[in-house]
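Worksheet: the structure to be examined is printed underneath.
The values are calculated or read from the model by the stated rules, or taken from the named source; none is laboratory data. Predicted model, so just to flag it, every value in this text is computed and none were measured. Positions of Cβ are generated from backbone atoms using ideal geometry, with glycine treated the same way; all protein chains shown enter the neighbour counts.
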Amino acid sequence: MKPSKIILPIFLLLPLSVFAASGATDTHFNATFFAMVSMIVVLIAANGLLANVLLQLAFALREKKMKNPAKQNESNTAIKSILLFLIFLLPALNSFAQEAAADSTAAAPVSQMIGGIAKSDFYLLTGIAGFLFLVMLVLILLIRMMTRELRGVPFSTSLFPGLFKKNLIDSLNNSVSLEKEDTIVLDHDYDGIRELDNDLPPWWKWGFIFTIIVSVLYMGYYQFGGGPNQVDEYNASVAKAEAEQAKLLSKSGAKIDENNVQLITDPTELANAKALFANTCAACHGADGGGTVGPNLTDAYWLHGGSVKDVFKSIKYGWKDKGMPSWDKNLSAKQIQDLTGFIESLKGSKPASPKAPQGDLYKAEAAPAADSTAKS
Amino acid sequence: MHHNDESKDKLTPLTTEAKLSSSVGPLDTFYYDNKIVVWFAYATAFWGIAGMLFGLWAALQLTFPSLSFNLAETTFGRIRPVHTNAVIFAFVGNGIFMGVYYSLQRLCKTRMYSDLLSKIHFWGWQSIIVLGAITLMLGYTSSKEYAELEWPIDVLITIVWVIFGWNMMGTIIKRRERHLYVAIWFYIATWVTVAMLHIVNSMELPYTWLNSYSAYAGVQDALVQWWYGHNAVAFFLTTPYLGLMYYFLPKAANRPVYSYRLSIIHFWALIFLYIWAGPHHLLYNALPDWAQNLGTVFSIMLIAPSWGGMLNGLLTLRGAWDRVREDPVLKFMVVAITAYGMATFEGPMLSLKSVNAISHFTDWTVAHVHVGALGWNGFLTFGILYWLIPRIFETKLYSKKLANVHFWIGTLGIVFYTVPMYIAGFMQASMLKQFTPEGQLKYQFLETVQQMKPFYFMRSVGGFLFLIGALIMCYNLLKTIKAGKAVEEEKAQALSLANQNVVVHGKDHWHRWIERRPMQMLFWSLIVVIIGGAVEFIPTFMVKSNVPTISSVKPYTPLELAGRDIYVREGCYTCHSQQVRPFRDEVARYGEYSKAGESVYDHPFQWGSKRTGPDLARVGGKYPDSWHFNHMFDPTSMSNGSVMPPYPWLFRRDVDATVMPAKIRAMQKLGVPYPAGYDQKAVDDMSKQAEKIAKNLAGDKLEVKPSREIVALIAYLQRLGTDIKVSENK
């Protein structure tokens, strides 16, 4: 192992700073954001440095132990476990950061801010910084352990002498010490197996009682105390979502619907719609709109009307009895408008294997006046 | 003798003279039956490898669907149950019997009650496994998870289980040890509870020699099934293995069990509380809220009793941790117990409604069960095998180094299996729950499937590593066996009970009373495990308001029923749920949330537990018949990137009309309101409906004979969720 390998962990952490950059694009300069990201970068650097020191110490320790074969096994396990720890920790951090990046872009429109940055970002950054700080503490602790080990000072007596007293675990569990085990061994011998009569660990006992109390309170609240049942929860979440959308709508102006849908002709919008068509419509209507499971969209015959309004409605609400799904919950009104425009643009194209016409002949002239104005 | 060697280096001899002083009369000489233990050990290793291979195969199919080879017998829907049943009942089952037959004889100081019963038990169980694997691959399934085997095999299981119990209780009764050790309490509770679970959940009405309908329907079937499913984990994968831990861990570590008091309280608390927790598998489903709440709180209360077992295991190792580093047996056991602790903490967390809303139906659950299955059951079995085989064959383990290699590969396998599944599960749930600011679903289901593929692959790598480890173990054990010679009849001596005086030193613990009375132990265990189920079942079955009826919900037409039986046969429930939970995203994606009254004629229920594909509760009418036709022939033609396998045989095979009258009669007996004498008209109705669908398909240039199975399946799919009319937002 070369020391250069410690660059790897730092490299793995890089997406964190990428995330920081992507978060910053939408604002100009934000002092809080800058400060927090800088803090994180400093912490990463410090952790990288500490990790390096720790690795060097680990190698030094291993060399030392090599000369002392009696203890070789032990040190190998220690080094192995530290390396394993680093190996598992870093990719985890990495994916965590990536997820965080995805989340922050999704949550951006929610207008709850702290210090000029989105609340969720703030907590996320604080969380990352806190986590890095913890990692730093652990690294420092490990380095101290290592240096003591190198100096030959027994770990348990040197560091936190009170905390690592031999009977800490024993006193936590209220167990009789190993030396005095004879006093609590029971009379029985089952095929050589003896049993001790240690007390129940107090934290376990009180934990058990605590869960019972929590359970009683839980039942009391949800069963008899008017706590929400699952349908209440559902209704509340729907009401909240509707309120949020109404708020959004009041800001962005009227929503596109079947009464005000426009025929789009903009080439970039049509190109977007074409990609959308390939993903959502082509399976049933064919890649070129010639129809397979669903009807041909290129001819002049329509089952449910061929006007912009009609096509928009067909996509939005679907025709359940005919197997046309409603796309209202999956596509935005803008997307449906784009799709409608794209479908209208297919009119008269020559698909490879067109399906026979279905429905009635639709003539654009017969369309109501509202439609022709929409085209302008 | 071997086990005597061990007791030599026991702790300082304590008060053994107490026992000797009470002895009167000569020692009996008898022989332990090691042969049956070795048989079960071979079966454990063999079925372990087989079960893992099926698991790996199923896992790989999610990345490479073509590995189903377009054969009915080898599609995911059929081999996934083979995998789960093989691992639970063949691998762990034989592991239980191996450990019980070894430890019970020694803890009771007697040979097994009957060699004949031991042999019948062994061969009976192996034939159940073989028959089970064959029938599952042929499509004979009840579709109730971990209880998929059809009724004749259910009967066989009952018989063999009774033989096991008879042999076990017979051995206990003729014991030469006055008190029952904690391991035996767990064995007894396991036996009686599994018997109860199996019988109640397998209530079914046969309509052919290999087919049946569940006696329960809808909500009630779901409740019974998950009472069973949850407690199969509790009483097949947990309590017997805790019993094994209580024997093999102190033996391997040469340490006394940490706390007798802890054993008592965690044993009784565990078996009492476990039974109640089944409904946590149905949170946010169409199960009455009170039952869901019970499922949640009893899961929370389970943390401490579960951890009691872990603590008693880990603290038994006090003073032996230096050896844990060197002894592969102890290493395996420590990881097993730790995995048990992690899984039994995670379980209650997953029972919290807010966590369950995310985890349910995703791979998070799959990760959770594999911490238990690979870590707890797998590693404890490996540890026991490494300890047991050299002892019975009076030799040393062939290679300690290989055992260590196995340990590390296995551990890595667990990590590589579970971590991708945790990430995948969480990721899929987060994607599915996201809305755009305008209020549309941000991702289609298929988009989440695309995101899952790399994780599915990494999981297969983890499973592959675990399998490699197990193969290394088999090689190591084989070499060990070759080097030694089995002591099939192991000589032992003990005083008969009649010749032992009861000497009580000081105050006798109150619990000693029941430890002298195996039949009372059996009886009281049964009482304790009956309570939870009874409190949950009786109101759900008897009180009408728990399953409000919906007048528009009607029985399936004969063709739909035939299609439903195909749906069950193909194991569609292994990837598709039929249960829309009352969440904004699910209602937007699938339609109105499922109501209890909608599945009253579903024998068995098909709510499912995992969504590798989308929910189908309201798929009826969502697509045209021709969409389903094309999709079943080649799923990727309609859903680009789908991991569903094709089902070409449905287009070749005809629905067997001759059994239709029997099906209708069976349904009538179960209370489905077909008019009297309808069994005679059913076939007619069936062909009429089939012709209509075939004609409809012909309109889309899809030619198919009306008698084909695909037509029946389309009829069923198009019916799903259409009984209740939900107001559309027009």
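Just a few scattered comments:
- Exactly one residue out of B:GLY613, B:GLY608, B:GLY591 is under 27 Å from B:ILE358 (Cβ atoms) and touching a strand residue (DSSP E or B) at 6+ places or on another chain (Cβ under 9 Å): that is B:GLY608.
- For region B:576-599, filtered to residues that are under 28 Å from the mean Cα position of the chain (by Cα) and acidic (Asp, Glu), the residue that is nearest to the other protein chains (Cβ to nearest Cβ) is B:GLU586.
- Among (1) within 11 Å of another protein chain (Cβ to nearest Cβ); (2) of a type in the set (Ser, Thr, Tyr); (3) under 21 Å from the mean Cα position of the chain (by Cα), the one test that B:SER259 misses: (3)
- Within region B:264-291, tally of residues that are free of Cβ contacts under 8 Å to residues at least 40 places away in the same chain and either of a type in the set (A, V, I, L, M) or touching a Leu at 6+ places or on another chain (Cβ under 7 Å) (or both): 2
- Residue check, A:SER250 under 26 Å from B:ASP625 (Cβ atoms), in a helix (DSSP H, G or I), hydroxyl-bearing (Ser, Thr, Tyr) and more than 9 Å from every other protein chain (Cβ to nearest Cβ): no
- If the condition is being in a helix (DSSP H, G or I), hydroxyl-bearing (Ser, Thr, Tyr) and surrounded by fewer than 19 Cβ atoms within 10 Å (Cβ to Cβ), then region A:309-348 contributes A:TYR317, A:SER345.
- Pairing residues of region A:260-274 that are at pLDDT below 85 and among the hydroxyl-bearing types (Ser, Thr, Tyr) with residues that are surrounded by 12 or more Cβ atoms within 10 Å (Cβ to Cβ) and not in a loop (DSSP other than H, G, I, E, B), at Cβ distances under 9 Å and at least 6 apart in sequence or on separate chains, gives A:THR265/A:GLY341; A:THR265/A:SER345; A:THR265/A:LYS375.
- Yes/no for A:ASN296 being more than 30 Å from A:ALA356 (Cβ to Cβ), in contact (Cβ under 8 Å) with a residue 40 or more places away in the chain and assigned by TED's automatic domain parsing to the domain that holds A:LYS329: no
- Within region A:311-335, considering residues that are within 10 Å of chain B (Cβ to nearest Cβ) and among the aliphatic types (A, V, I, L, M), the one farthest from A:LYS363 (Cα to Cα): A:LEU331
- Screening B:ASN285 on (1) over 18 Å from the mean Cα position of the chain (by Cα); (2) assigned to a helix (DSSP H, G or I) shows it passes everything except condition (2).
- Search result, residues across region B:349-371 that are surrounded by fewer than 22 Cβ atoms within 10 Å (Cβ to Cβ) and assigned to a helix (DSSP H, G or I): B:MET349, B:LEU350, B:LYS353, B:SER354, B:VAL355, B:ALA357, B:ILE358, B:THR365, B:VAL366, B:HIS368, B:VAL369
- Per-region count, region B:302-340, residues away from chain A (no Cβ under 11 Å), part of a loop (DSSP other than H, G, I, E, B) and closer than 25 Å to B:PHE466 by Cα: 1
- Here is the figure for region A:275-308: residues that are part of a helix (DSSP H, G or I), closer than 22 Å to B:TYR590 by Cβ and out of contact with any Asp or Glu (no Cβ under 8 Å at 6 or more places or on another chain) total 4.
- Scan of region A:207-237 for residues that are facing another protein chain (nearest Cβ under 7 Å), among the hydroxyl-bearing types (Ser, Thr, Tyr) and within 18 Å of B:TRP290 (Cβ to Cβ), ordered by number: A:SER215, A:TYR218, A:TYR222, A:TYR234
- Single residue of B:LEU262, B:LEU180 found to be surrounded by fewer than 23 Cβ atoms within 10 Å (Cβ to Cβ) and either within 25 Å of B:ASP508 (Cβ to Cβ) or charged (D, E, K, R) (or both): B:LEU180
- For region B:488-534, a tally of residues being surrounded by 14 or more Cβ atoms within 10 Å (Cβ to Cβ) and in contact with a helix residue (DSSP H, G or I) (Cβ under 6 Å, 6 or more places away or on another chain) returns 12.
- The set of residues in region B:654-687 that are exposed (fewer than 14 other Cβ atoms within 10 Å of the Cβ) and over 17 Å from B:SER214 (Cα atoms) comprises B:ASP654, B:ASP656, B:THR658, B:PRO675, B:ALA676, B:GLY677, B:GLN680, B:ASP684.
- Residue list for region A:182-198, restricted to those being at the interface with another protein chain (Cβ under 7 Å from one of its Cβ atoms), buried (at least 16 other Cβ atoms within 10 Å of the Cβ) and at negative phi: A:VAL185, A:LEU186, A:ASP187, A:HIS188, A:ASP189, A:TYR190, A:ILE193, A:ARG194, A:GLU195, A:LEU196, A:ASP197, A:ASN198
- Whichever residue in region B:123-140 is buried (at least 20 other Cβ atoms within 10 Å of the Cβ) and aromatic (Phe, Trp, Tyr) and, among such residues, is farthest from B:THR158 (Cα to Cα): B:TYR140
- The listed residue being touching a Pro at 6+ places or on another chain (Cβ under 7 Å) and either not assigned by TED's automatic domain parsing to the domain that holds A:LYS329 or not basic (Lys, Arg) (or both), out of A:VAL261, A:VAL214, A:VAL231: A:VAL231
- Of all residue pairs spaced 6 or more apart or on separate chains, those with beta-carbon atoms under 6 Å, a first member in region B:574-587 that is under 13 Å from B:ALA357 (Cβ atoms) and a second member that is in a loop (DSSP other than H, G, I, E, B) are B:ARG581/B:TYR284; B:PRO582/B:TYR593; B:GLU586/B:VAL580.
- Selection count where residues are without any contact (Cβ under 8 Å) to a residue 60 or more places away in the chain and small (Gly, Ala, Ser), scope region B:401-434: 1
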